[in-house]
Amino acid sequence: MATDYIVKDITLAEFGRKELNIAETEMPGLMALREEYGDSKPLAGSRIVGSLHMTIQTAVLIETLVALGADVRWASCNIFSTQDHAAAAIAEAGVPVFAIKGQTLEEHWDYLDKSFMFPEGPNLILDDGGDATLYILLGARVENGETDLIETPTSEEEVAVFAQIKKRMAASPGWFNKMKAQIQGVSEETTTGVHRLYELVKQGQLPFPAINVNDSVTKSKFDNKYGCKESLVDGIRRATDTMMAGKVAVVCGYGDVGKGSAASLAGAGARVKVTEIDPICALQAAMDGFEVVTLEDAVSDADIFITTTGNKDVIRIEHMRAMKDMAIVGNIGHFDNEIQVASLKNHKWTNIKDQVDMIEMPSGARLILLSEGRLLNLGNATGHPSFVMSASFTNQVLAQIELWTKGDDYNNDVYILPKHLDEKVAKLHLDRIGVKLSTLSEEQASYIGVTPEGPFKPEHYRY
Ligand code: NAI
């Protein structure tokens, strides 16, 4: 058993294993990949550093990567999202994992650093939100003399990452550039991380190929949407036990996560309003039956506010000042900067329980803030159900195989998996829920310009 881990309590491993066994029955895509590739071990020789919420579902992903031959080290990508029993089960199984629910920001970057510590360093990154990629690229820039970066941190997050970079540079000079040179690729899980990758390409700073897993149809149109549809209300309920029916909820953003979040609240009986900046998404929200408003107009009447934008400063201090007493405020987007939490720091905070705080505003009105503005479905509940994560993570494993076995075919750019693999991921999830596919005849297939085996849609089709 590895002693190379940091978890809350290793005795939780047995509980973790029991839940992992149940999750496997709901993750047919991952289990099918174990079946298909367990003998040929296409990931043999790979050393994967993973930075992704350390949940039960991720544990099934990790064990799939290991079953396919990979050597794996893991950290969570969020300070509140770890499920300690999942981390314990993975540590007990011998995979080095560094993740505790409620770890500090300093620990977050220290644990990420530890996940890179293969004796020979990693050669692949599996990222969620881009922190692992950012750590190496930012560290390399600082090593190369861009020390002005370190002198001007603009947030607690930056202070923490730069402190860790300094520590690593002192302990192993040249380490970041060495890592940057030997990483053969990254697969990225989420919208926000993908955004960071495309920015790097624009700046000519992406040093290895990247696969954008988020924009596989079987990821963003399922996990972001149907996943949030189940996990948003779960998080709010576990945090507050508030009656949802009849309440007025505002969802900021109507992309994939916003669509799932609005559906989640509506399904629970809330009266949902949506804010958007994009006329197409605003029109979609309206035609899905939601009132589309500005936050300024809705702020004083609503009971629940949820940000889903991947943008910053969406709920600002002036909004929170105008909210009514006991309004619930939370975010389900990747980073905590959607809500101006820092501006509340000098107010009176009362901790209700882990990841639930009550904040007294100068007017005397109180707010209930979930997970300090970090993604609440993973902070206050256990994230998306296994079944939808199976689709996401099947894409992740296919992306890792692609990068490891065919990496040389790719330039230092961002790629999406080909449509036949996207369709394969979907197909692997049909049996479990009793879906029966119809089959095209040769004549029908040629009439719509495809083959009976697929791909069934042109690249420009939007689902
Ligand atoms: P998206 O790009 O599809 O949707 C974001 C929407 O927000 C867009 O329609 C955009 O027009 C809108 N928006 C941007 N600024 C706005 C503003 N100031 N006010 C109102 N609307 C605004 O992105 P997606 O896939 O929905 O992801 C959103 C965030 O959620 C990202 O940070 C992503 O990484 C994260 N995410 C979180 C998950 C979770 O389980 N918590 C799962 C998947 C993604």
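Numbers for the structure displayed
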item	result
Members of the range 169-199 that are within 16 Å of the ligand (Cβ to nearest atom), of a type outside the set (K, R) and in a helix (DSSP H, G or I)	T191, T192, G193, V194, H195, L197, Y198, E199
Failed criterion for K101 (all others in (1) assigned to a helix (DSSP H, G or I); (2) surrounded by fewer than 24 Cβ atoms within 10 Å (Cβ to Cβ) hold)	(1)
Test: residue in the range 213-228 that is within 12 Å of the ligand (Cβ to nearest atom), among the β-branched types (V, I, T) and assigned to a loop (DSSP other than H, G, I, E, B)	yes
Unmet criterion (only one of (1) small (G, A, S); (2) without any contact (Cβ under 8 Å) to a residue 60 or more places away in the chain; (3) open to solvent by less than 20 Å² (accessible area, probe 1.4 Å)) for A91	(2)
Number of positions in the range 308-357 that are over 26 Å from the mean Cα position of the chain (by Cα) and of a type in the set (D, E)	2
Residues that are loosely packed, with under 12 Cβ neighbours inside 10 Å and closer than 25 Å to M31 by Cβ, drawn from the range 440-457	E453
Residue that is surrounded by fewer than 24 Cβ atoms within 10 Å (Cβ to Cβ) and at pLDDT 95 or above, where the choices are G258, G246, G235, G227	G246
Long-range neighbours under 8 Å by Cβ, at least six apart or interchain, first residue crowded, with 17+ Cβ neighbours inside 10 Å within the range 408-423, second aromatic (F, W, Y) and not in a loop (DSSP other than H, G, I, E, B)	V414/Y198
Condition check for V435: away from the ligand (no atom under 16 Å from the Cβ) and open to solvent by less than 10 Å² (accessible area, probe 1.4 Å)	no
Total residues in the range 274-309, condition in contact (Cβ under 8 Å) with a residue 40 or more places away in the chain and not charged (D, E, K, R)	11
Positions within the range 284-296 being open to solvent by 70 Å² or more (accessible area, probe 1.4 Å) and within 11 Å of the ligand (Cβ to nearest atom), in sequence order	Q284
Subset of the range 229-260 (residues that are outside any helix (DSSP H, G or I) and among the charged types (D, E, K, R))	D241, K247
Residue within the range 116-130 that is closer than 20 Å to D9 by Cα and at pLDDT 95 or above present	no
Subset of the range 261-282 that is in contact with a strand residue (DSSP E or B) (Cβ under 7 Å, 6 or more places away or on another chain) and either at pLDDT below 95 or in a helix (DSSP H, G or I) (or both) - its residue that is farthest from the ligand (Cβ to nearest atom)	A266
E188 being open to solvent by less than 10 Å² (accessible area, probe 1.4 Å), at pLDDT 95 or above and among the acidic types (D, E)	yes
Of residues in the range 308-324 being in contact with a Cys (Cβ under 9 Å, 6 or more places away or on another chain) and assigned to a loop (DSSP other than H, G, I, E, B), the one surrounded by the fewest Cβ atoms within 10 Å (Cβ to Cβ)	N311
Residue count, the range 365-393 (criterion: over 30 Å from L344 (Cβ atoms) and either surrounded by fewer than 21 Cβ atoms within 10 Å (Cβ to Cβ) or away from the ligand (no atom under 16 Å from the Cβ) (or both))	1
Selection count, the range 326-364, where residues are within 16 Å of the ligand (Cβ to nearest atom) and of a type in the set (V, I, T)	4
Meets criteria (free of Cβ contacts under 8 Å to residues at least 24 places away in the same chain and in contact with an Asp or Glu (Cβ under 7 Å, 6 or more places away or on another chain)) for H384	no
Members of the range 39-58 found to be in contact with a Lys or Arg (Cβ under 9 Å, 6 or more places away or on another chain) and within 13 Å of T82 (Cα to Cα), listed by number	M54
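The values are calculated or read from the model by the stated rules, or taken from the named source; none is laboratory data. All values derive from a computational prediction rather than experimental measurement. Heads up, the Cβs are rebuilt from the backbone with ideal geometry, glycines too, and the neighbour counts pull from every protein chain shown. Keep in mind that these areas ignore ligands, DNA and RNA; they rest on the heavy atoms of the full protein, side chains included. Shrake-Rupley method; radii C 1.70, N 1.55, O 1.52, S 1.80 Å.
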